[in-house]
Structure formats: C-alpha cells, structure tokens
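The values are calculated or read from the model by the stated rules, or taken from the named source; none is laboratory data. The structure displayed is predicted, hence computed values, not measured ones. Note that each Cβ is placed from the backbone with ideal geometry, even for glycine, and that neighbours are counted across all protein chains shown.
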Amino acid sequence: MATRFDPAGPLRGRLRPPPDKSISHRAALIAAMGEGETPIDGFLDSADTHSTLAAVRALGATVEHGGEDGLGPMIRIRGVGLRGARATKIDVGNAGTLLRLLPGWLAGQPEGSWTLDGDDSIRRRPVDRIAAPLGEMGARLSCRDDRLPPLEVEAAPLRGISYEMPIASAQVKSCLLFAGLLAEGDTWVGEPARSRDHTERMLAAAGANVAWLRGGVSIRSAKRLEPEALAVPADFSSAAFFLVAALLVPGSEVTLTGVGTNPTRTGLLTILERMGAEIEVEVEGKHGGEPIGTLRARASALRGTEVGGKEVPLAIDELPLVALAACFAEGETLIRDAAELRRKESDRVATTCAALTALGGEAEPTEDGMRIGGGGLRGGAIESHGDHRIAMLGAIAGLASREGVEVEGMGAAAVSYPGFEADLASLSSP
C-alpha cells in the first residue's frame, strides 16, 4: 500500500534526528572485538543495526539493553576479543556496511569459517572491492560470480599491505583497517579523496596504533582492543532530509539538535550553501569523540551548481537529496564522479533519476552521476525499490511538490529511520 505525502505549509519546529547509523554499526563491531564490557550510549534502533547486533551475538559477544536516555537506546556489549570470533553463518539482512566491514575482522581469525548472506538487495551488492585487497593480504574468500554474496570467509594468516583504493570508500577502508589489526606488519590504506573517518577515530580511542600519513591511514597489528564507553551522535544523513525539506517548502524554518558534524560527513552543507541555502551551524563541542552541533535551515531560493571530485565522498549518501534540491533550483545542476551511487541499496543514479522524472522533474542519468534541471516537481507516484533513502526522498518531494507524492514501499525507511514519518509530521503540524 502506498503512503501519500501532500504539499505542506511551512515546516516549523525543533527535533533531534536518530543516532548515527554508520557510527552505530562500527561501535557494535569494535565493542565485539574488545576485551570486557563496552557501554554504547545512543545506539540506533533500526533494522540495519539490529542485523549488526545479531551478528556480534552469533560471533559470541553478549548484548544487553539498558533502557534509554535522551540520546536513544543504551546497550552494553561484552566482546570476544580480537581473535575470539566463533565460526557461524551471518545474516546481514539489508546492512551493506555490515557486509563490507565484518569480513576484515573474520578473515584474520586463527581458525573457523563464516558465511555472510542477506536479503535480495544485499545479494545484488558487490563485494569484490573488499575481496581483492583482502586476498592480497592472504585472506581466503569466495563469493558468487567472484563479486556477489553469499561471501565465504575462511580463517587465514594475514600480512600487512599498502593498498591504494581506486575509489574513495569508507567501507573498504574500514574493512582493511580491521584486517590490519590481525595482520603481520603494518597495513596502509590510501584514498584518492577523503572519506568518513569514524573507524579510525574509534580504533585509535580503543588503543589501536593508527596513524594518518601520505594521503591515507596506517594501522599496526594489535594484541587487543580496549574500547572506552562509546556515544553516538544524531545522524547527519538523517538530518539532511529535514534540512532539504526546510529549504524547499516556502516559509519553513527547522532546527536540528545534537547532530554529528564530522567534516568527513557534512559535504552536503558546502554544496547547499553554494546553491544559496540559508543554513546555520552552531558547533557545540564533541560527543563520543565526534564533533556535534545544532543545524538551522530556512526556506531559500536555490541556484544550480556542479558537484564532483573530492566533495563527492563527503556527501555520497546525500547526493540524491542534492538532485531533489536541484529540481527546485534555477538553472542546471551536474553531479559527476559519483559512480559509487550505483553500488548502494539500489542503483541510486537510476532510481533517483527515475523517481524525479516520474514526478515531473528533469533528471538524466550519466555514466557517473546525474544532470538535473530546475522548475519544480508536479508530483505523482514513485517506488522505493526497497531503498530507505529513496523512500524518504519521495516523502520530502511530496511536501515540496505541487500535487503530492505517493511512495510505494515507504516501509524501507525503517532500515535507518523507523520514526521518520512521525518526525516529519511533527514539523508539519499546525
């Protein structure tokens, strides 16, 4: 059954988006690798992160839920140690981050074998970009057609390597850093452009020997990790939907609190400000080692821009929202160097362009991005294709459109933001 989102009056209000999904995944995995018990404050309660908690339990870690505070659910994870993962089958569900990070840890275990599999969407998501460099480290891996899940991992001794990623990817980098903890010698991962650095920050805080040098990150083999208490800020990627909604719906002003403002995640702000967006950022300090702040966005007249190069990895998950904003901007917007979008929960180049075109917009896919014309959106109906970000994009498009939007498959939003519709409604209420 489709969910309808009608054109809205001014959006007004203040809210705290849910905890950061990327950080929640990493916090659970690093806690499971650790010695003793690690409390995690503000862990995201979503389908994807439930998959990660189920995975660490299957590997032998214990997970206890300790209620909630103002940040979200509190959990405690008692780890199995760096080399204590139990052999088992892992259902990653729809969690691409889990699929791509976990093999790095498992590949260097002293014994055992593991099978990682998931839903239909996961079975279309390639793993060759982690399998190839892990293979260079000595890992024993096999996957369907040499690039697709299920992914089989067999324990093997690993050796450190220097690896230059052809495409900046925080997931590939994180996988190799996890493997580097178990490898003989040092491991260095170079990236052509800076990508999100949550893994490096958290591993360093847990006692790993991490260094930033020569345009990359190096890590040294470790005997143990001892994570400190972890705290998860509000998710910038979730906040981004409300920022764009406020920019596009006339008369709106929305304030978002406690949001992670790590500069490796907030490339969207630079892009939107270049387009003419009125956005204020008030930095408030750090939360769990991550910078946090309050974001305030007001309805703005936007102009087209060009997005590419080093800013793409800093806004990769938000590029569909850039395309939506571009539909309401004066002139043309070109997004390039974003072929990575084709490797997400859906081919987000294809699904974003198809959705915007179905709603009366001008959106043309290119080999590595999109070309979008302004003029607004009429409205209509779209299919989420099981992609949480496309579902939420459709909702925001409905508020800003002339006739409203019906989203088929809105339930996909629960992957990262189960309370999205309620929070959106709270800003739309008179």
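Some notes on this structure:
- Condition check for R201: among the charged types (D, E, K, R) and more than 24 Å from D45 (Cβ to Cβ): no
- Only one of the numbered conditions (1) of a type outside the set (A, V, I, L, M); (2) under 30 Å from L82 (Cα atoms); (3) not assigned by TED's automatic domain parsing to the domain that holds A170 is not met by F242, and that is (2).
- Any hit, the range 236-259, residues being within 30 Å of G398 (Cα to Cα), modelled with pLDDT of 95 or more, of a type in the set (D, E, K, R) and out of contact with any Phe, Trp or Tyr (no Cβ under 8 Å at 6 or more places or on another chain): yes
- Every residue from the range 249-297 that is over 21 Å from L324 (Cβ atoms) and in a loop (DSSP other than H, G, I, E, B): T261, N262, P263, T264, G288, G289
- Boolean, E278 is surrounded by fewer than 24 Cβ atoms within 10 Å (Cβ to Cβ), at pLDDT 95 or above and out of contact with any Gly (no Cβ under 8 Å at 6 or more places or on another chain): yes
- Residues that are in contact with a strand residue (DSSP E or B) (Cβ under 8 Å, 6 or more places away or on another chain), over 27 Å from R389 (Cβ atoms), surrounded by fewer than 21 Cβ atoms within 10 Å (Cβ to Cβ) and not aromatic (F, W, Y) are absent from the range 91-98.
- The residue that is surrounded by the most Cβ atoms within 10 Å (Cβ to Cβ), among those in the range 149-207 that are among the polar types (S, T, N, Q) and closer than 18 Å to G135 by Cβ, is S174.
- Residues of the range 169-204 classified as under 10 Å from I219 (Cβ atoms), over 21 Å from the mean Cα position of the chain (by Cα) and part of a strand (DSSP E or B), total: 3
- Selection of the range 110-131 for residues being in contact with a strand residue (DSSP E or B) (Cβ under 9 Å, 6 or more places away or on another chain), part of a helix (DSSP H, G or I) and either at pLDDT below 95 or surrounded by fewer than 17 Cβ atoms within 10 Å (Cβ to Cβ) (or both) yields I122, R123, R124, D128.
- Flag: P110 does not match the condition of being of a type outside the set (K, R), touching a Cys at 6+ places or on another chain (Cβ under 9 Å) and under 26 Å from W188 (Cα atoms).
Residues are listed down the side, and each one gets a yes or a no for (1) more than 20 Å from D317 (Cβ to Cβ); (2) at pLDDT 95 or above; (3) not in a strand (DSSP E or B):
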position	(1), (2), (3)
G67	yes, no, no
I75	yes, yes, no
G81	yes, yes, yes
R86	yes, yes, yes
K89	yes, yes, no
N94	no, no, yes
R100	no, yes, yes
P103	yes, yes, yes
L106	yes, yes, yes
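- Residue match in the range 129-136 (condition: in contact (Cβ under 8 Å) with a residue 40 or more places away in the chain and within 18 Å of the chain's Cα centre (by Cα)): yes
- The residues listed here are S416, S401; of these, the one that is of a type in the set (S, T, N, Q), outside the structural domain of Q171 (by TED's automatic domain parsing), at pLDDT below 95 and crowded, with 23+ Cβ neighbours inside 10 Å is S416.
- Summed over the range 382-407, residues that are touching a Pro at 6+ places or on another chain (Cβ under 8 Å) and either farther than 8 Å from P7 by Cα or assigned to a strand (DSSP E or B) (or both) total 3.
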